[in-house]
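Comments concern the structure below.
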Amino acid sequence: MTALSYTHGTGATALLGDTIGDNLARTAATWPQREALVDVPSGRRWTYARLIADVDELAYALLASGIVKGDRVGIWAVNCPEWVLVQYATARIGAIMVNINPAYRVHEVEYVLKQAGISLLFASLGHKGSDYRAMVDEVRGNCPGLREAVYFGDPSWQALLGRAVPRALPDDLSCDDAVNIQYTSGTTGFPKGATLSHHNILNNGYFVGESIGYTEQDRVCLPVPFYHCFGMVMGNLAATSHGACIVIPAPSFDPKATLEAVQQERCTSLYGVPTMFIAELNLPDFARYDLSSLRTGIMAGSPCPVEVMKRVVAEMHMEQVSICYGMTETSPVSLQTRMDDDLEHRTGTVGRVLPHVEVKIVDPATGITRPRGTAGELCTRGYGVMLGYWNEPDKTAEAVDPARWMHTGDLAVMREDGYVEIVGRIKDMIIRGGENIYPREIEEFLYGHPKIADVQVIGVPHERYGEEVLACVIPRDPADPPTLEDVRAFCAGQLAHYKIPARVRVLDSFPMTVSGKVRKIELRERYSG
């Protein structure tokens, strides 16, 4: 009888039962003089002793400002040390930090401020031409719950810290309390606020770090946004729960600044989505950077092309690089490759289940668990599943079933060895003349084309077949882009005829979310006319 697509993660290490603040205090007591945080742009550095002192100073200031357990404190900012201080200070007093996407515009910010009931907002002064202060001033009249806005690099930040008076921190906090709300980048309607507990994200960060062997000796370069789980959970919490050092290379992703930070700070670990690694590898002076200190890192957000993974391992010295799969609603990681996995498992799968997590693959229509080797919807259950969408019980019930399984919306196949392949989103699957086509298979093949640097495959409407395959490509040489004839000739005899792109569009870049995922829905809208 064929095994079912169900697996659960076992491990010798128990789940952590403390709050994020207590965990940081324990780390600081264990390694007070080890470096905890480095901001390369400003040259500022924190030991763990100084970090816990500055976190507690901010916690005292928040308490003096009237912030109490359960209050929502917003943060709308690019990567900077103050972001880290806010993350841990809010956790120390039981406030709920609300992450706001740095790319949000006025109406989106107003929605989040009101929907989450934010009473105090931390923000950068601006980013990429956006004047955050002016935008906040524009919406304040419609957000009566917002009592105060504090800006990093502004007198309002020092004024807030000036209120700090040492006092007893709250002692009634539970690891099951909500500590963070992250708004998912909804493709239709307004985004939903995934509400996460100390237990959710502290454990996820800890076990992600365990899977790649973090110790107090590691130095983790984080060009990924703190606004997203990738930065603040897999990055910050994985580091601080192991006594490792957080290295901020730049306020937002810059390939040159990233490699300079790795070289200067002798980083042992580097994070990114595949497009970030591609940008780093494609720097004209890539060979001049000394990356020999690297041993590991995390690649997530979207599948990694085989050729890119080969170069990351060979040329960036990241022999133990790991692939992670997850979603904000699961804190985020549920599947991860291990340090000793071979190239095929790191590029052909998203790993196997983490300790204390369950995964199954079900028929999307019936909910019945599928046999291994057959596609279905990936579902996950365990400590990482969110508390729910903030103030949206109906939306929560649509995503998390009565048995507490989170339905991801991803199509996946579980292999006999328990490793999982993501074959697409249920909504991204192309149905051409009754044939199910998974874009990732075609993308992986086209990465081998000598003229193609990056590619995204989408389905667009077709009168006869319902949908047809469109390949959006970024050329290696903009002066010599691949033609449709080039692409079709490359695929001939290698892919089934119905999988071969019927159309090709050459682009300079792809529309991206702030967390580095390609917005395929935008590509479909653009080319479906």
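Quick notes on this structure:
- Residue-level analysis places Met386 outside the set of residues that are surrounded by 14 or more Cβ atoms within 10 Å (Cβ to Cβ), more than 20 Å from the chain's Cα centre (by Cα) and hydrophobic (A, V, I, L, M, F, W, C).
- Selection status of Pro478, open to solvent by less than 40 Å² (accessible area, probe 1.4 Å) and either closer than 26 Å to Ala279 by Cα or free of Cβ contacts under 8 Å to residues at least 60 places away in the same chain (or both): no
- Members of the stretch 279-293 found to be surrounded by 14 or more Cβ atoms within 10 Å (Cβ to Cβ), under 15 Å from Ala314 (Cβ atoms) and either out of contact with any helix residue (DSSP H, G or I) (no Cβ under 6 Å at 6 or more places or on another chain) or at pLDDT below 95 (or both), listed by number: Phe286
- Scope the stretch 45-71; condition in a loop (DSSP other than H, G, I, E, B) and surrounded by 17 or more Cβ atoms within 10 Å (Cβ to Cβ); matching residues: Ser65, Ile67, Asp71
- Long-range neighbours under 8 Å by Cβ, at least six apart or interchain, first residue of a type in the set (Phe, Trp, Tyr) within the stretch 414-427, second part of a strand (DSSP E or B): Tyr419/Arg352
- Residue list for the stretch 200-240, filter: part of a loop (DSSP other than H, G, I, E, B) and either farther than 19 Å from Gln264 by Cα or among the aromatic types (Phe, Trp, Tyr) (or both): Ile212, Gly213, Tyr214, Thr215, Pro225, Phe226, Tyr227, His228
- Restricting the stretch 1-55 to residues that are charged (D, E, K, R) and within 24 Å of the chain's Cα centre (by Cα), the residue that is nearest to Arg92 (Cα to Cα): Asp18
The values are calculated or read from the model by the stated rules, or taken from the named source; none is laboratory data. Not measured: the values here are computed from a predicted model. For neighbour counting, all protein chains shown are included, and Cβ atoms are generated from backbone atoms with ideal geometry for every residue, glycine included. All accessible areas refer to the heavy atoms of the entire protein, side chains included, with ligands and DNA or RNA removed. Shrake-Rupley method; radii C 1.70, N 1.55, O 1.52, S 1.80 Å.
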